[in-house]
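Participant: Before I ask anything, here is the structure I am working with.
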Amino acid sequence: MTVIVSAAACTTKAPNSTDAKSPRDAKIAFLMPDIASTRYELYDAPLFRARVKDLCGGCEVLYQNAGGDAAKQQQQADSALAQGADVIVIDPVDSAAAASTVRTAQGRGVPVIAYDRPIPAVEADYYVSFDNEKIGSMIGASLVEHLKATSAKGGLLQVNGSPTDAAAGLIKKGVHGAVDSSGFDLLAEYDTPAWEPGKAQSWVSGQIAKFPGRIAGVVAANDGTGGGSIAAFKAAGAKVPPVTGNDAELAAAQRIIKGDQYNTISKPIRTVAEAAATAAYAFAEGRKPRGDTTLFGTPSELFTPTVVTRENIAEVLVGDGKPLKTTEVCTATYAAACAEIGLT
């Protein structure tokens with residue numbers, strides 16, 4: 001989308017300022033939640049910066065990562081406001097705690113865009129994400145369909161995301177909608193603190209001991225918890241059942257190609273990063289994006305993701321013009337498996 005700035009839109013005045021300021025000099029805070037997922041440093045931040053630069057060469061992106069610490073993220077938001085941030089884009093560590101950030105920023109006339117994870121307790125100015133409930137439904141339904149097609153026996157483990165992440169709650173809801181009436185018993189489920197793969201692995205290890213030979217599949221809410229689940233089975237010397245994921249991380253793509261992970265969700269980060277940057281610049285210009293729907297009372301832009309399995313990974317995720325390059329996925333360890341599905 002090309003943003004054309006008219007002469008009338010060249011200045012905007014913050015409620016707490018007496019000086020007119022050009023949106024071409026705007027400061028946009030981009031506050032990400034953790035480093036447990038590699039995506040924020042490798043993809044979200046660079047893509048967001050690049051889009052802002054395309055729209056506004058003189059704008060400054062104030063990037064911070066909270067490392068999974070909600071209190072630290074609040075401090076980072078306060079720091080961004082102190083530095084004169086005109087817009088805050090935040091992917092909250094703790095969706096409830098982030099309500100305070102929204103109130104503080106809005107009280108100073110600074111709009112807040114919720115990124116990837118919603119903030120249900122208050123109405124942010126905008127929300128950009130993929131449809132998280134649909135993500136849960138899609139990974140769950142894909143797994144159930146595969147288990148039925150292979151006449152699998154046993155029950156399911158459900159490894160949810162962080163209990164403080166509202167997006168994880170939406171994914172969890174979607175998973176339940178897909179698996180509760182599937183005919184496969186839900187043996188146990190777990191809300192993974194801070195989405196930490198190690199905690200998911202530890203919990204799944206306990207379930208392997210508790211339900212020996214009875215676990216037909218694992219619905220994991222993202223690639224990190226999926227990877228932790230797979231590691232638990234391998235450490236126990238047990239056969240790895242089909243395990244889901246979400247985020248289409250490089251390591252997950254390699255596990256899928258090798259056959260260790262059953263699926264993931266391709267939600268091209270470029271899509272949300274660029275949409276958030278475009279919305280942030282609109283706010284800096286004094287315009288308010290409308291969104292295409294409303295969630296938690298907030299105008300929202302929700303994109304539809306794609307389920308990725310070994311059958312379609314070459315079409316959707318890996319290769320020329322796709323999110324992941326063949327050369328970075330098909331290293332020596334995975335070369336033979338890549339060749340089997342035509343990735344060379």
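The values are calculated or read from the model by the stated rules, or taken from the named source; none is laboratory data. Just so we're clear, the structure is a prediction, and the values are computed from it rather than from any experiment. Because the Cβ atoms are built from the backbone with ideal geometry, glycine has one as well, and the counts that use them run over all protein chains shown. When the accessible area is computed, the model is the full protein with side chains, heavy atoms only, and any ligands, DNA or RNA have been set aside. Shrake-Rupley method; radii C 1.70, N 1.55, O 1.52, S 1.80 Å.
Participant: Using θ = phi - 60° and the Karplus curve 6.51 cos²θ - 1.76 cosθ + 1.60, what whole-Hz ³J(HN,Hα) does each residue of region 322-331 get, with Gly and Pro shown as x?
Facilitator: 10, x, 10, 7, 4, 5, 7, 8, 8, 6
Participant: Mind listing the long-range amide H neighbours of Val89? Cut-off is under 5 Å, sequence gap 5 or more, other chains count too, H placed in the peptide plane at 1.01 Å from N.
Facilitator: Ala29, Phe30, Leu31, Ile113
Participant: Short version: ³J(HN,Hα) in whole Hz for each residue of region 228-245, in order, from phi by Karplus 6.51 cos²θ - 1.76 cosθ + 1.60 (θ = phi - 60°), x for Gly and Pro, what are they?
Facilitator: x, 5, 4, 4, 5, 5, 5, 5, 7, x, 9, 5, 7, x, x, 10, 8, x
Participant: While we're here: Under 5 Å between amide hydrogens, which residues at least 5 positions from Ala66 or on another chain qualify, with H placed 1.01 Å from N in the peptide plane?
Facilitator: Counting only residues 5 or more places away or on other chains, the set is Met32, Asp34.
Participant: Using only alpha carbon pairs under 8 Å that are at least six residues apart, calculate the relative contact order of region 249-344 and give it in whole percent.
Facilitator: After rounding, I find 32 percent.
Participant: Peptides 31-42, 124-135: what's the order by average Cβ count within 10 Å, highest mean first?
Facilitator: 124-135, 31-42
Participant: Once phi is turned into θ = phi - 60°, what whole-Hz ³J(HN,Hα) does the Karplus curve with 6.51, -1.76 and 1.60 give for every residue of region 275-288, x standing for Gly and Pro?
Facilitator: Rounded to whole hertz, the list is 5, 5, 5, 5, 5, 4, 5, 4, 4, 4, 7, x, 9, 10.
Participant: Hey, another quick one. Measure up Lys258/Lys322; Lys148/Lys210; Lys27/Lys173; Lys199/Lys239; Lys153/Lys210 against 26 Å on the Cα-Cα distance and list the ones that go over.
Facilitator: Table pairs above 26 Å Cα-Cα are Lys27/Lys173.
Participant: While we're here: So who's got an amide H within less than 5 Å of the one on Glu60, skipping anything under 5 residues away but keeping other chains? H placed 1.01 Å off N, in plane.
Facilitator: Hits under the 5 Å cutoff: Ala26, Lys27, Ile28.
Participant: Next question, about the same structure. How do Thr344, Thr331 stack up against each other in accessible area, from largest to smallest, with a 1.4 angstrom probe?
Facilitator: Thr344, Thr331
Participant: Enter the angle in degrees (range 0 to 90, nearest 10) between the Cα long axis of helix 98-107 and the first principal axis of the Cα atoms of the chain, meaning the one along which they spread out most.
Facilitator: 10 degrees
Participant: Keeping the other protein chains in place, figure out the carbon and sulfur percent of the accessible area of region 22-144, with a 1.4 Å probe.
Facilitator: 48 percent
Participant: If one takes the longest principal axis of the Cα atoms in the chain, at what angle in degrees, from 0 to 90 and to the nearest 10, does the Cα axis of helix 45-55 lie?
Facilitator: On a 0 to 90 degree scale, this one is about 40.
Participant: A further question follows. Quick check for me: using +1 on Lys/Arg Cβ and -1 on Asp/Glu Cβ, what's the dipole size of the chain about its Cα centre, in debye to the nearest 20?
Facilitator: So the dipole magnitude of the chain works out to roughly 200 debye.
Participant: Output the antiparallel fraction of DSSP beta bridges having both residues in the chain, as a percent to the nearest 5.
Facilitator: Expressed as a percentage, antiparallel bridges in the chain total about 20.
Participant: So, one more: Which angle between 0 and 90 degrees, to the nearest 10, do you get for helix 132-149 versus the longest principal axis of the chain when only C-alpha atoms count?
Facilitator: Computed tilt is about 10 degrees.
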